[in-house]
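Notes for the one structure printed next.
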Amino acid sequence: MISAKTVRFLSLLLALLFLSTAVFGATARKRRRPARRHTVATHQSKDRRIRSKLSRILHWSPWKEPTFADSTSGDFVDGEDLTVRRAAVDALGPYNGTVVVVDPSNGRILSMVNQKLALKSGFQPCSTIKVVAALAGLTEGLVDRNTLVRLYGRTRMTLTEALAHSNNLYFAHVGEQLGFQRVTYYAKLYGLGETAGFDIPGEQPGTVVAKVPKGGLGMMTSFGEGFSLTPLELASLMASIANGGTMYYLQYPRSREEVNLYVPRVKRQLDIAKWIPEIKPGMSGAVEFGTARRASFEQDQRILGKTGTCTDDRSPTHLGWFGSFSESEKSKLAVVVLLTGGRGVNGPVASGVAGQVYRNLSKVNYFGQEHSAMPMALISTGNCCALKPATLFQ
């Protein structure tokens, strides 16, 4: 057994050992303080280097356009439908982009938010080109709504599914079947490569490629490679589909007097009336269950459209497109949204902006009202046709 004297000796020894350890630890901590300050300074210096590197990365980002901006700056609004204007500006919010709203029944531009961007020479159309490819493929008898096109393996898809989900392989297949000459022919027929407006100051046309681009025909008809599309050109095409095939010159009245004397002008008739029912299910499907679900809302108003997302390497700018039109007994609208920038910009986001335009107008019962101010009478003017108010003949 251990004696009591031994226990007291061991207890004293442990106490001395504990005391010495505590004193040594405190001294060591004091000695380490300068080193700790050095470590903090090192971390601060490292943070500055990281921030500097990130700044350089952001500065040299491949996307040069800002995602957010005041998109109404410099706009001239006299002659616009101010109800539509307010709905469009509210929907676009802080995004750097443009919203163009057109009356399909006469080609009048009701509002053009961010006119500088809307009138610019254009951007790659991304997947909105698939509407052109679909109409061309239908016209040439290559596909119909129920044709199952083989994509890979046992996977097959119909036109309706391909439009709704924006399937690239489907439309690459259509492009390969069409060939370069027919792809560019139909693109030009549907308004690409020419100004959409009639005497709109500052409007520049998009472009149609003169030869097959590096990506080939499939990239032309799935991503729009080689094309440059303007918001006005897409609005013109959407309005033409909405009204059954009449392509009006888009006109932009600049005063209330010009609105009152408005004379619609027909550019040409598109022979697409029998094909429109073939593409409508896919365009409405995009909103109901496809890439443009953000455009839907629970109203009687039916929205049809096509999204587009890609990077235009010529700018370079990341793009979000949505071309659309509404169907209503009393009033139809064509709404085109183009967003430019970097992260956060894509076709689904653009569809959400357009959807908010429709929702804003629905709240004020815009679609429940008649908006044609004057009766129209069709007259022929040589090789072109124009609609004029009946009052002008009195």
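The values are calculated or read from the model by the stated rules, or taken from the named source; none is laboratory data. Note that the structure is predicted; figures quoted are calculated from it, not measured. Note that each Cβ is placed from the backbone with ideal geometry, even for glycine, and that neighbours are counted across all protein chains shown.
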**Request:** Only helices (runs of 4 or more DSSP H) wholly contained in the stretch 190-300 count here; list those with 2 or more residues that are over 22 Å from Met112 (Cα atoms).
**Result:** 217-222, 276-288
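Let me confirm something: among Ser255, Ser228, which residue is surrounded by fewer than 18 Cβ atoms within 10 Å (Cβ to Cβ), touching an Asp or Glu at 6+ places or on another chain (Cβ under 9 Å) and at pLDDT 95 or above?
On the way: Ser228 fails: surrounded by fewer than 18 Cβ atoms within 10 Å (Cβ to Cβ).
Just a single option satisfies the conditions, and that option is Ser255.
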**Message:** Return the residues of the stretch 61-115 that are closer than 17 Å to Asn360 by Cβ, charged (D, E, K, R) and surrounded by fewer than 19 Cβ atoms within 10 Å (Cβ to Cβ); say none if nothing qualifies.
**Reply:** Arg86, Asp90
**Request:** With the checklist (1) closer than 27 Å to Val77 by Cα; (2) free of Cβ contacts under 8 Å to residues at least 60 places away in the same chain in hand, flag the one item Ala273 doesn't pass.
**Result:** (1)
**Request:** Determine, yes or no, whether Leu304 is hydrophobic (A, V, I, L, M, F, W, C) and under 24 Å from Ser166 (Cβ atoms).
**Result:** yes
**Complete:** Exactly one of Gly202, Gly218, Gly244 is out of contact with any strand residue (DSSP E or B) (no Cβ under 9 Å at 6 or more places or on another chain), of a type outside the set (S, T, N, Q), in contact (Cβ under 8 Å) with a residue 40 or more places away in the chain and on the phi > 0 side of the Ramachandran plot, and that residue is Gly202
**Request:** Among the residues of the stretch 219-237, write down those that are of a type in the set (Gly, Ala, Ser) and farther than 16 Å from Thr340 by Cβ.
**Result:** Ser222, Gly226, Ala235, Ser236
**Request:** Would you please name the residue that is farthest from Ala136 (Cα to Cα), looking only at residues in the stretch 289-299 that are surrounded by fewer than 22 Cβ atoms within 10 Å (Cβ to Cβ) and touching a residue at least 40 places away in the same chain (Cβ under 8 Å)?
**Result:** Gln299
**Message:** Among the residues of the stretch 339-352, are any touching a helix residue (DSSP H, G or I) at 6+ places or on another chain (Cβ under 6 Å), at pLDDT 85 or above, closer than 28 Å to Gly226 by Cβ and surrounded by 24 or more Cβ atoms within 10 Å (Cβ to Cβ)?
**Reply:** yes
**Message:** Let me confirm something: among Val349, Val337, Val353, Val357, which residue is touching a Gly at 6+ places or on another chain (Cβ under 6 Å) and β-branched (Val, Ile, Thr)?
**Reply:** Val349
**Request:** Please determine, by comparing only the residues of the stretch 300-338 that are among the charged types (D, E, K, R) and over 20 Å from Ser111 (Cα atoms), which one is surrounded by the most Cβ atoms within 10 Å (Cβ to Cβ).
**Result:** Lys306
